[in-house]
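See structure below.
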Amino acid sequence: EQGPDGQVMIVDLKTYASGKADENSQLGLYQLAFIENQFDQIIDQPAHLEGAALLLVGGKKYSSNAQQSLTENEELQKSMRAIIDDAIIGMSAQDALFQANIGTHCTDPNGYGKCSILLTPAVSYAG
């Protein structure tokens, strides 16, 4: 959300009733995207990041929990960058080794379904 004075508040609408914003990595990711100019095409300039907030609408009354602006809290910004960097490394699985094994679920009609494409001799039984 952007106010008439150029202040930007990132708001994440949540359908649950409680949540802590101060350590919320999703809010941190949105703030880092703003800092890295990823919102420039949709934000009127000049713009200043005021912070971020969870807007919780799952209870009888809505509530809001704020996260301080990462532009004003260098320690929090470093913490969020570290969390996201760790997630990127984990999701890239750069050091992982994956081995495809044909399991019983491939032929079990009551399981996840047939894996006939995986059982193609040229793919599964190549030697």
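Here, each number is a calculation from the coordinates, and none is a lab measurement. Being a predicted model, the structure only gives us computed values, none of them experimental.
Judged by the gyration tensor of its Cα atoms, with axes a ≥ b ≥ c, segment 1-81 is oblate; a/c meets the 1.5 cut and b/c is at least as large as a/b. Given 0.36 nm per residue, what is the gain on full extension from K20 to D40 after removing their alpha carbon distance, in nm? Residue separation times 0.36 nm, minus the Cα-Cα distance, leaves 4.4 nm. Computed from backbone phi, the HN-Hα couplings of segment 94-99 come to 4, 9, 8, 10, 10, 10 Hz, rounded to whole numbers (Karplus: 6.51 cos²θ - 1.76 cosθ + 1.60, θ = phi - 60°; Gly and Pro given as x).
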